[in-house]
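Student: The structure's right below; bear with me while I get my questions together.
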Amino acid sequence: MTIGFIFFCYLALLICIIGVSRKIVQYWQTPAPLKIPIAPAPLTRTGVFMRMAAEVFLFKSLFRASKWTWFFGWIFHWALVLLFIRHLGYFWPGDTPEVLLKTESFKYASFPLIIGLMGLLGRRIFVDRVRYISAPSDYLMLILLIAIGASGMLMTFALYYPDMGLVYSFAEGLVTLNWSELPSEWIFLAHIFLAFTLIAIFPISKLLHAPGIFFSPTLNQVDNARKKRHISSWAMQKETDKEIFIEQNSEKDE
């Protein structure tokens, strides 16, 4: 079982890294021939940076669109960040840094995590316009995240404690390649299996909005179309080729 889980963990990470890298390259190479920033748009690159920061950290546009969706989404994402920081201590090779040893209170972030996820799931179930456009995968992602959070809470607060020595050894061994025995408690096995399943399907899910937001032309463009001509490299090459073709034909006519 230990060998099987180790193989599954590495396979999930490999799929995630390759998949996300491929999508980022695709986003980077996708041409943006038009200026389409959402108004009111910033007029400088500094303004674009501030706008992007407001979207990433405060969910500014979502706040304007729906206060309840913003509330559930915001507490879920920030709880996820705190829990991610808390879990770094398990995988840290060698002596754990002092700052990570002081993250014990971050375990309570699992409560807003579940509240946020339940709110987002309820929105998809009970709001007609949202339910109409929801695909089965939308529900699957939320249910999977809830299952991961719930299994983690059971281990933390419901006395289903796995052998923490084995947990630390197994997690650190994944990083250092010094593999050790996997804890046999079913709740830990379920938790880690669900977590790495989420990692594996991340590149083919809507969770790709995490890196995708930085490549959104509606958010990352400067609204300077009246001052500076916006033209992509491929369009510029076509114009250059056209000009060369016209000049060559003119010379032939002469």
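The values are calculated or read from the model by the stated rules, or taken from the named source; none is laboratory data. Note that this is a predicted model, so its numbers are computed, not measured. A quick note on method: Cβ atoms are made from the backbone with ideal geometry, for glycine too, and the neighbour counts reach across all protein chains shown.
Student: I'd like to know if region 48-60 contains one or more residues that are in a loop (DSSP other than H, G, I, E, B), over 16 Å from the mean Cα position of the chain (by Cα) and at pLDDT below 95.
Tutor: No, because not a single residue in region 48-60 is in a loop (DSSP other than H, G, I, E, B), over 16 Å from the mean Cα position of the chain (by Cα) and at pLDDT below 95.
Student: Restricting attention to region 123-138, which residues are under 16 Å from Gly73 (Cβ atoms) and among the polar types (S, T, N, Q)?
Tutor: Ser134, the sole residue that qualifies.
Student: Taking Tyr90, is it in contact with a helix residue (DSSP H, G or I) (Cβ under 7 Å, 6 or more places away or on another chain) and either more than 22 Å from Phe59 (Cα to Cα) or free of Cβ contacts under 8 Å to residues at least 12 places away in the same chain (or both)? So that I can check it myself, show each step before the final result.
Tutor: Details: in contact with a helix residue (DSSP H, G or I) (Cβ under 7 Å, 6 or more places away or on another chain): yes; either more than 22 Å from Phe59 (Cα to Cα) or free of Cβ contacts under 8 Å to residues at least 12 places away in the same chain (or both): yes.
In short, yes.
Student: Only residues that are over 17 Å from the mean Cα position of the chain (by Cα) and among the β-branched types (Val, Ile, Thr): list them for region 1-41, please.
Tutor: Of the residues in region 1-41, the ones over 17 Å from the mean Cα position of the chain (by Cα) are 1-11, 29-41.
Of everything in region 1-41, those that are over 17 Å from the mean Cα position of the chain (by Cα) and among the β-branched types (Val, Ile, Thr) turn out to be Thr2, Ile3, Ile6, Thr30, Ile36, Ile38.
Student: Let me ask you something else. With respect to Arg131, determine if the residue is charged (D, E, K, R), in contact with a Lys or Arg (Cβ under 8 Å, 6 or more places away or on another chain), part of a helix (DSSP H, G or I) and over 30 Å from Ile18 (Cβ atoms).
Tutor: Details: charged (D, E, K, R): yes; in contact with a Lys or Arg (Cβ under 8 Å, 6 or more places away or on another chain): yes; part of a helix (DSSP H, G or I): yes; over 30 Å from Ile18 (Cβ atoms): yes.
Spelling it out, Arg131 is indeed charged (D, E, K, R), in contact with a Lys or Arg (Cβ under 8 Å, 6 or more places away or on another chain), part of a helix (DSSP H, G or I) and over 30 Å from Ile18 (Cβ atoms).
Student: Residues in region 16-37: is at least one among the charged types (D, E, K, R), in contact with a Phe, Trp or Tyr (Cβ under 7 Å, 6 or more places away or on another chain), part of a helix (DSSP H, G or I) and surrounded by 11 or more Cβ atoms within 10 Å (Cβ to Cβ)? Talk me through it step by step, then tell me what you get.
Tutor: Going through region 16-37, the residues among the charged types (D, E, K, R) turn out to be 22-23, 35.
Subset that is in contact with a Phe, Trp or Tyr (Cβ under 7 Å, 6 or more places away or on another chain): none.
No; the residues of region 16-37 include none that is among the charged types (D, E, K, R), in contact with a Phe, Trp or Tyr (Cβ under 7 Å, 6 or more places away or on another chain), part of a helix (DSSP H, G or I) and surrounded by 11 or more Cβ atoms within 10 Å (Cβ to Cβ).
Student: As an exercise: evaluate Ala79 against (1) more than 25 Å from Ile115 (Cβ to Cβ); (2) of a type in the set (Gly, Ala, Ser); (3) under 16 Å from the mean Cα position of the chain (by Cα) and give the number of the one condition it does not meet.
Tutor: Exception for Ala79: condition (1).
Student: Only one of (1) at pLDDT 95 or above; (2) within 13 Å of Pro217 (Cα to Cα) fails for Lys35. Which number is that?
Tutor: Here Lys35 meets the rest and fails (1).
Student: Going by the structure shown, is Gly89 buried (at least 17 other Cβ atoms within 10 Å of the Cβ), in contact with a Ser or Thr (Cβ under 8 Å, 6 or more places away or on another chain) and over 30 Å from Lys227 (Cβ atoms)? Quick ask: steps written out before the conclusion?
Tutor: Numbers: buried (at least 17 other Cβ atoms within 10 Å of the Cβ): yes; in contact with a Ser or Thr (Cβ under 8 Å, 6 or more places away or on another chain): yes; over 30 Å from Lys227 (Cβ atoms): yes.
Yes.
Student: Going by the structure shown, is Thr96 without any contact (Cβ under 8 Å) to a residue 12 or more places away in the chain, among the β-branched types (Val, Ile, Thr) and surrounded by 13 or more Cβ atoms within 10 Å (Cβ to Cβ)?
Tutor: Values: without any contact (Cβ under 8 Å) to a residue 12 or more places away in the chain: yes; among the β-branched types (Val, Ile, Thr): yes; surrounded by 13 or more Cβ atoms within 10 Å (Cβ to Cβ): yes.
Spelling it out, Thr96 is indeed without any contact (Cβ under 8 Å) to a residue 12 or more places away in the chain, among the β-branched types (Val, Ile, Thr) and surrounded by 13 or more Cβ atoms within 10 Å (Cβ to Cβ).
Student: Sticking with this structure for a sec: I'd like the residue in region 148-204 that is of a type in the set (S, T, N, Q) and surrounded by fewer than 16 Cβ atoms within 10 Å (Cβ to Cβ) and, out of all such residues, is nearest to Leu14 (Cα to Cα). Reasoning before the result, please.
Tutor: Kept after step one, since they are of a type in the set (S, T, N, Q), are these residues of region 148-204: 151, 156, 169, 176, 178, 180, 184, 197.
From the residues that got through so far, the ones that are surrounded by fewer than 16 Cβ atoms within 10 Å (Cβ to Cβ) too are 156, 176, 178, 184, 197.
Details: Thr156: 29, Thr176: 16, Asn178: 18, Ser184: 25, Thr197: 12 Å.
Going through the qualifying residues, I end up with Thr197.
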